[in-house]
Amino acid sequence: VVIVPIWKKVDEKTGVLDAASSVAETLKNAGLKVKLDDTDQRTPGWKFNFWEMKGVPLRIEIGPRDVSSGSVVISRRDIPGKQGKVFGISMEPSILEAYVKDRLDEIQSSLLQRAISFRDRCSSDRSNGSCLLHGCILVSIALGSFNFLESFTEFFELNRIHMLFCTLDFFALSNASWTLCSNIVDVSSYEELKEAISLGKWARGPWSASDADELRIKEETGATIRCFPFEQPQGTKACLMTGKPAEEVAIFAKSY
């Protein structure tokens, strides 16, 4: 959660900052990770955009009128514009804590449902036309569940986890062929990978190349390895980049 205090006049600053600090302390005591952006070098609008780009799911705005009414304004990142903004949420600790926790739970649930919907837009090339799936692995990240900023960024980079999904990897049952998701393209060469990425798809293919090879892919296509699926196909394949033996497949995609 990020808290953005808003004031225009010098005599409003102290009261607004005191209220913002109190709200931040309340939420921290409730076990939430909170950032109070009390810098005065940037405008509130700039801060709103900055923290949305960082991926913070919930923003609390506090201005002079909010201080007078003992309330705050809360905006959800997953619902843009006025539709995602709620006015008049009480600063009373028990009310504010419950409201914020409920909204964070709703946001996680919403992201999960979007991920599932994205995942399930798939088709199967099985001869009988059915689409039986198993081994589906989906991780919906609850934004705000990691240490703020540095640790947040470090976590996703080190684990190669996409912001919303760890992996959308599908297998058909027993002797069935791989189930093809409309958003994941199986590739066996660098040219196929580039084509898939250029179409906005995720490219899945055998990988045993070096960090330098991955850097080349990033520089030329903007894509990086998002994850190595937990469930891997059996047998050794040829690395899409080098042609050398590869025992794992990786999923490449652009990060937004």
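For this structure, a couple of remarks:
- Every residue from segment 198-238 that is within 23 Å of Asn183 (Cβ to Cβ), hydrophobic (A, V, I, L, M, F, W, C) and assigned to a loop (DSSP other than H, G, I, E, B): Leu199, Trp207, Phe228, Phe230
- Residues in segment 13-33 that are without any contact (Cβ under 8 Å) to a residue 40 or more places away in the chain, under 11 Å from Val2 (Cβ atoms) and open to solvent by 20 Å² or more (accessible area, probe 1.4 Å): there are none.
- Test: residue in segment 207-220 that is open to solvent by less than 60 Å² (accessible area, probe 1.4 Å) and touching a residue at least 40 places away in the same chain (Cβ under 8 Å): yes
- Close Cβ contacts (under 6 Å, 6 or more residues apart or on different chains) running from residues in segment 234-256 that are without any contact (Cβ under 8 Å) to a residue 12 or more places away in the chain to residues that are open to solvent by 10 Å² or more (accessible area, probe 1.4 Å) and part of a loop (DSSP other than H, G, I, E, B) comprise Thr236/Glu247.
The values are calculated or read from the model by the stated rules, or taken from the named source; none is laboratory data. Because the structure is predicted, anything quoted here is derived from the model rather than measured. Quick reminder, even Gly has a Cβ in these numbers, built from the backbone with ideal geometry, and neighbours come from all protein chains shown. Remember, those area values only see protein heavy atoms, side chains included, never the ligands or the DNA or RNA. Shrake-Rupley method; radii C 1.70, N 1.55, O 1.52, S 1.80 Å.
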